[in-house]
Amino acid sequence: MSKQQIPRPEYPNPQFERADWLNLNGEWEFEIDDSKSGRERELFRAETFQGKITVPFCPESRLSGVGYVDFMNVVWYRREVDIPAEKLAGRVFLRFGAVDYEAFVYVNGEFVGSHKGGYVAFGFEITGFIRAGKNVITVCAEDDVRSPRIPSGKQSEKFSSHGCHYTRTTGIWQTVWLEFTPKSYIKGIKLKPDYINGTVGIQADVEGGGIFTVEAFFGGKAVGSAEKSTLGGNVCVQIKLSEIHLWDVSQGNLYNLRLTLGDDAVCSYFGLRGIQMDGGRFMLNGRSVFMRLVLDQGFYPDGIYTAATEDDLVRDIELAQSVGFNGARLHEKVFEPRFLYHCDRLGYLVWGEYPNWGIDVSDPANLAAVLPEWCEALERDVNHPSIIGWCPFNETWDYDRRKQWDDLLRIVYRVTKLFDKTRPCIDTSGNFHTETDIFDVHDYEQNPDVFKEHYDRLMTEGVLFDHQRDRQRWGGEPVFVSEYGGIKWIVDDDFGDNWGWGYGEAPKSEEEFLDRYKRLTDTLLDNDRMCGFCYTQLYDVEQEKNGLFTYERKAKFDPEFFKKVNSRKAAIE
C-alpha cells in the first residue's frame, strides 16, 4: 500500500517526530469476540481472522469498512508486516495513538504488553520479539462502555445515541506505527519556555550515554543551541534565544527544535508564551485576554472519534476562528496530538480535558480508573503552547443517587498542579467544585433578560449566580461561564418532525436566534468580572442540533454575524 493510499499517513505527533518510522494504518484482519474467549482460545496465534477493517477507524464507523454499531465486548486485529534486516541494528518500538479501552498486544504469537486507557498513546519495545522478514502483530481490545470503572466520555451507554451521548468507539482509533531508533536514544522531553527572559529549558529522558544537543530555529534561522554530556537518565539544558517571537492568539509563532543523542535525532517545536491568573483576569504574555471559546466534541460523521484526514482537523479550528472564537474546550475527550499541533500553529487557545463521563465518581476505587491515564495525558500534552488550562472532570453528577467522593476530584486536581504549575486547573467544569483555580459555571438559560440578571449581580453586588450553590461555594476565584447557549436550530431535518434536540425552547425564526445569541453573549463580554465564555457548540453532533454549523460542517447562518459579536473587546480586557 503506497503512502497516498494509507489513511492518515502523517506522523502522529509533530512535537516528538522521528524520520525513521513505518505507518501501519490501512487494512488489518478483524474479528469480533463477544464471548470474550479469544485469549483463552489463543487467537493471538491464529493464522487468519474472518473479517477486514481499515485502521485507524473504529469498527462503528463507515470509514472502517465494518460499520457495526452494536456493543462489542472484545475486538481483535491482525496484521503481517515485513521488516528489512537493516532495521534490526538498533531498537524497534510498536506504538499506538489510542486504543479504547484495554489493549493486549502480541508479536509473532508472543505477548509483549498491555495498556489500560482509551485516550492516550502507548507503545512497547519489541526488539526481542521480531525478526527480519514477515512478522505478525495481533491486538486484542476489550471495552465496556456500561462499566462504572471505564471512562467513556460522550459514548452512548444505550444501543442508540440519545441526548448528548453519541455513537461508541471501540478498539483502535488512532494511528499505529513502528519506530526505529539506535540503541542510545531520546525517550521524551519536557519543555519550559520563559518569555520574560527569552529562554527555553529542555529536560530530556534519554537511554544510553553520549552528547545530547539541542538546536533552536525560527523561520529556518538558527537562534540558539546547547549541549551536554550524559551517561543516560535525565539531562537538562537551557537555550538563550537570540530572537524573541511570542506565541499569541491567532499568531502561532513556533520555534523549531532539533534534538540529537549520538545517531538519534528528534524534531520538536515550542511556543514562547506565559500564562497567569491575575485577580479575575486570564493573562497571556502579561495582558488580559478574554477566552472566547466554543465547545468542540471531536466527533466526525464518517469516522466518529477519528477525522478522515488531517485537513478535517484544521477545518474545525478554522471554522471556529471564522466565527470569532479564539479557542475551544476540547470536550469529554483527549484530542489527538496532530489536532493540538494545528492549535499550536494557528494560535488557538484550548483547555485539555478528560472523558470522565461513565465513571462512578462516588467510588474511591475509581481514582485508579482516572489518575493513571490522566497523568499519561498530562505527560503527552504538557508541551503544547495552545493548551492554556487543564480540566480533568466535567459535570460530576451523582451516581445512582450517591454523591461524588470529593477527594477524587481534590486528589486529581492536586496531582495536576504538582505536575504542571504553569497553567490553571479546573477540578470539574460546572459542578461540583472542591478545589479549583477558576470557578466555572454552566448556564443554559435561554431568556437573555434573565441571563443578564444572573450575571450583572456579579458586578454590582459581588454575587455569583450558580444553579448548584447548594452543593458548591464560590470563594472569589476567577469566573468563567464555560457552557451557555446551546440554542437549537435545525437546517437538515433528515428524520422529519423537527427531530433532534437543543437546550430550552428553540427560536421560531432566524432573527430570534441571532438576537438571542447576541444578547446572551453580550452579557458575558460586558461583565468586567468575567474572564471568558464557552458557547455550546461549534457543530451539531448526531441528534444534538445546537451547533453553529451542521454535523457536516456547513454554516447555518452568516459566519460574519458571529464573528462581529464574538470578536469585540470584552470589559475585562
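Contact order, relative form, for the stretch 520-573: 39 percent (alpha carbon pairs under 8 Å, 6 or more residues apart, mean separation divided by residue count). Listed values for the stretch 172-189 are Karplus-derived 3J(HN,Hα) couplings in whole Hz (6.51 cos²θ - 1.76 cosθ + 1.60, θ = phi - 60°), namely 5, 9, 9, 4, 10, 8, 9, 10, 10, 10, x, 5, 9, 8, 8, 8, x, 9, and x replaces Gly and Pro.
Of the accessible area of the chain, computed with a 1.4 Å probe over protein heavy atoms only, carbon and sulfur atoms account for 48 percent. DSSP finds beta bridges in the chain, and of those with both partners inside it, around 75 percent are antiparallel.
Counting only residues at least eight positions apart within a chain, or on another chain, the aspartates and glutamates with an alpha carbon under 18 Å from that of Lys221 are Glu243. Projected over all directions and averaged, the alpha-carbon convex hull of the stretch 1-140 occupies 8.7 nm².
Computed over the stretch 421-573, relative contact order equals 23 percent, with contacts defined as Cα pairs under 8 Å that lie 6+ residues apart. What percent do you get for the relative contact order of the stretch 204-245 when only Cα pairs under 8 Å and 6+ apart count? Computed value for the stretch 204-245: 42 percent relative contact order.
With the alpha-carbon atoms of the stretch 374-415 aligned to their principal axes, the span from lowest to highest coordinate is 39, 17, 14 Å, starting with the largest. Using Cβ point charges alone (K and R +1, D and E -1), the dipole size of the stretch 22-78 about the Cα centre works out to roughly 100 debye.
For the chain, adding -39500 (n - 2.57) for each run of n ≥ 4 DSSP H residues and dividing by the number of residues yields -5000 deg cm²/dmol at 222 nm. Projected onto its three principal axes, the C-alpha set of the chain covers 72, 59, 45 Å, listed from the longest axis down. In the chain, a dipole from Cβ-located charges (positive for Lys and Arg, negative for Asp and Glu) runs towards its positive end, and of Phe104, Thr54, Gly547 it is Phe104 whose Cα lies farthest in that direction. Take the Kirkwood radius over Cα pairs of the stretch 386-535, plug it into Stokes-Einstein at 25 °C and 0.890 mPa s, and you get 144 µm²/s for translational diffusion.
Taking max minus min of the alpha-carbon positions on each principal axis, the stretch 95-175 gives extents of 51, 21, 18 Å, largest first. Accessible surface for the chain, divided over its residues, is 38 Å² per residue with a 1.4 Å probe. In terms of the mean number of neighbouring beta-carbon atoms within 10 Å, the peptides 478-490, 174-186, 152-164 order highest first as 478-490, 174-186, 152-164. Kirkwood analysis of the stretch 118-248, using all unique Cα-Cα pairs, places the hydrodynamic radius at 19.5 Å. Once you list every other residue whose beta carbon is under 12 Å from the beta carbon of Asp311, what net charge do they have if Lys and Arg are +1 and Asp and Glu are -1? Charge balance near Asp311 sits at -1. Peptides 366-372, 114-120, ordered by how many other C-beta atoms sit within 10 Å of their residues on average, highest first, read 114-120, 366-372. Placing unit charges on the Cβ atoms only, positive for Lys and Arg and negative for Asp and Glu, gives the stretch 281-343 a dipole magnitude near 540 debye about its Cα centre.
Could you estimate the translational diffusion coefficient of the stretch 479-573 from the Stokes-Einstein equation, with Rh from the Kirkwood formula over C-alpha pairs, at 10 °C and 1.306 mPa s, in whole µm²/s? My calculation gives 114 µm²/s for D. By the equivalent-ellipsoid construction on the alpha carbon gyration tensor, the stretch 322-420 comes out with semi-axes of 27, 15, 10 Å, ordered largest to smallest. Based on alpha-carbon centroids, what's the gap between the stretch 357-435 and the stretch 28-81 in Å, whole number please? When both Cα centres are located, 32 Å separates them. Beyond 24 Å between alpha-carbons counts as too far, so tell me which of Lys154/Lys488; Lys87/Lys134; Lys228/Lys421; Lys452/Lys508; Lys154/Lys554; Lys36/Lys187 fall in that bin. Beyond 24 Å between Cα atoms: Lys228/Lys421; Lys36/Lys187. Rounded to the nearest 20 debye, the dipole magnitude of the chain is 1420 debye, with +1 charges on Lys and Arg beta carbons, -1 on Asp and Glu beta carbons, and the Cα centre as origin. Here's the picture: charge each Lys and Arg Cβ at +1 and each Asp and Glu Cβ at -1 in the stretch 421-573, and of Ala570, His442, Tyr455 the one pushed furthest to the positive end of that dipole is Ala570. Highest mean packing first, where packing is the average number of other Cβ atoms within 10 Å per residue, the peptides 439-451, 520-532 line up as 520-532, 439-451. Local charge for Pro364 was computed over the other residues whose Cβ lies under 11 Å away, with Lys and Arg +1 and Asp and Glu -1, and equals -4. Loop-only trypsin sites (Lys or Arg not before Pro) in the stretch 318-408, please: DSSP not H, G, I, E or B, and at most 12 other Cβ atoms within 10 Å. Counting only loop positions with at most 12 other Cβ atoms within 10 Å, the trypsin sites (Lys or Arg not before Pro) in the stretch 318-408 are Arg401.
The values are calculated or read from the model by the stated rules, or taken from the named source; none is laboratory data. Bear in mind the structure is a predicted one, so any value in this text is a computation, not a measurement. When we count neighbours, we look across all protein chains shown, and the Cβ atoms used for this are built from the backbone with ideal geometry, even at glycine. Only protein heavy atoms, including side chains, enter the accessible area calculation; ligands, DNA and RNA are left aside. Shrake-Rupley method; radii C 1.70, N 1.55, O 1.52, S 1.80 Å.
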